[in-house]
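Engineer: Questions regarding the structure given below will be posed in turn.
The values are calculated or read from the model by the stated rules, or taken from the named source; none is laboratory data. These numbers were taken from a predicted model, which means no experiment stands behind them. Every residue, glycine as well, gets a Cβ built from its backbone with ideal geometry; the counts of neighbours run over all protein chains shown. Please note that ligands, DNA and RNA were not included when accessible areas were found on the heavy atoms of the full protein model with its side chains. Shrake-Rupley method; radii C 1.70, N 1.55, O 1.52, S 1.80 Å.
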Amino acid sequence: MSTKTGILGGTFNPPHNGHLSAAMRARRTLGLDQVLFIPTNIPPHKQLPAGSATTEQRCEMVRRMTAPYPWASFSDIEVSRGGPSYTVDTLRALHARGYDDLTLIVGTDMLLSFDRVWRAPDEIARLAALAVVARGADDREALAQKADMLHRTFGAQITLVEGPVLEVSSTELRETGDFARLTPPEVAEYILENRLYQQL
Ligand code: ATP
């Protein structure tokens, strides 16, 4: 039987408990064997604000966050490829490496922009199933409609993942500095030691 692999891509600026909780919920719901956490090199659709962590620091924080969990790992596939990080390129590359049972884990914000913002949504839908994890007070009716439309248009296999929502974003963390409460201790320590996000 092939290994069921989840993929959680993001800027991870910084990684936080919302990322971990999303991966855990998707893993439990879909019975994933492993989840790869993949930091973007250059995010094509968002600008990293001045004073952000460097790419190496974002990677190191993801390494530390995933280390305690045997099912979770850090992948440098986007960083080592360089340039803007398009998910479709990552999925193609993972398929070429023999990962043939892929599930892309995304927050609900990402599902709503899937067909407008993402490059080659039809190919993404062929290469991976989608696990959509609630991030906040989502309009479930709108989500279900969107999932249905993406299924009819692209044949996308979409699972809406239930479970307790953890309302946190990296933006909020950079603004509030509440790292101790909302990032794992390994990440909070790294942020303190390296004086990250102080001049924002
Ligand atoms: P920023 O606030 O800087 O835009 P972010 O918190 O949205 O960052 P990303 O690293 O861009 O974090 O997110 C990567 C992926 O994780 C996206 O699919 C996003 O929807 C999902 N995600 C982020 N936070 C949560 C959360 N609290 N619950 C569920 N999914 C989340």
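Engineer: Net charge near Asp122: determine it from the other residues with C-beta under 14 Å of the C-beta of Asp122, scoring Lys and Arg +1 and Asp and Glu -1.
Structural biologist: +3
Engineer: Not counting ligands, DNA or RNA, and with a 1.4 Å probe, what is Ser2's accessible surface area in Å² rounded to the nearest 10?
Structural biologist: 50 Å²
Engineer: Moving on. With r as the distance between the Cβ atoms of Thr54 and Leu192 and R0 = 22 Å, compute the FRET efficiency 1/(1 + (r/R0)^6) and round to 0.05.
Structural biologist: Step by step, r from the Cβ atoms, then E = 0.85.
Engineer: Collect residues whose amide H, placed 1.01 Å from N in the peptide plane, falls under 5 Å from the amide H of Ala134; neighbours closer than 5 in sequence don't count.
Structural biologist: Those lying under 5 Å, H to H, from Ala134 are Val161.
Engineer: Next question, about the same structure. Quick one: if the Förster radius is 41 Å, what FRET efficiency do Ala93 and Arg181 give, using the C-beta to C-beta distance and rounding to 0.05?
Structural biologist: 0.70
Engineer: If you rank Arg116, Arg58 by how much accessible surface each has, with a 1.4 Å probe, what is the order from largest down?
Structural biologist: Arg116, Arg58
Engineer: Work out the charge dipole of the chain with +1 on the Cβ of Lys and Arg and -1 on the Cβ of Asp and Glu about the Cα centre, then indicate which of Val88, Ala144, Pro39 is farthest towards its positive end.
Structural biologist: Val88
Engineer: Sticking with this structure for a sec: Which sequence of Glu60, Glu141 reflects their accessible areas, 1.4 Å probe, from the largest down?
Structural biologist: From most exposed to least exposed: Glu141, Glu60.
Engineer: Whole-Hz Karplus ³J(HN,Hα) for region 124-135, in order, using 6.51 cos²θ - 1.76 cosθ + 1.60 and θ = phi - 60°, x for Gly and Pro?
Structural biologist: Those phi angles translate into 4, 5, 6, 8, 8, 7, 10, 10, 10, 10, 5, 10 Hz.
Engineer: Antiparallel as a % of all DSSP beta bridges within the chain, to the nearest 5?
Structural biologist: For the chain, the DSSP antiparallel bridge percentage is about 0.
Engineer: Does region 30-101 come out rounded, prolate or oblate by the C-alpha gyration tensor, with a ≥ b ≥ c the root eigenvalues, rounded set by a/c under 1.5 and, if not, prolate when a/b is larger than b/c and oblate if not?
Structural biologist: oblate
Engineer: Given 0.36 nm per residue, what is the gain on full extension from Ala137 to Thr29 after removing their alpha carbon distance, in nm?
Structural biologist: 36.9 nm
Engineer: Please list Ile191, Ile158 from largest to smallest accessible area, probe radius 1.4 Å, with all protein chains kept in place.
Structural biologist: Sorted by accessible area, descending: Ile158, Ile191.
Engineer: Magnitude of the Cβ-charge dipole of the chain, K/R +1 and D/E -1, about the Cα centre, nearest 20 debye?
Structural biologist: Approximately 220 debye in magnitude.
Engineer: Could you work out [θ]222 nm for the chain from helices alone, using -39500 (n - 2.57) per DSSP H run of at least four and dividing by all its residues? Round to the nearest 500 deg cm²/dmol.
Structural biologist: The helix-only estimate for the chain comes to -12500 deg cm²/dmol at 222 nm.
Engineer: Now, a different point. Determine how large the accessible area of Arg174 is when every protein chain is in place; take a 1.4 Å probe and give Å² rounded to the nearest 10.
Structural biologist: Arg174 has an accessible surface of roughly 40 Å² with all protein chains in place.
Engineer: Would you mind getting the accessible area per residue of the chain, heavy atoms of the protein chains only, 1.4 Å probe, in Å²?
Structural biologist: Accessible area per residue, the chain: 49 Å².
Engineer: Against the 2.2 N^0.38 Å scaling, with N counting residues, where does the chain land? I'd like the Cα-based Rg ratio to two decimal places.
Structural biologist: 0.98
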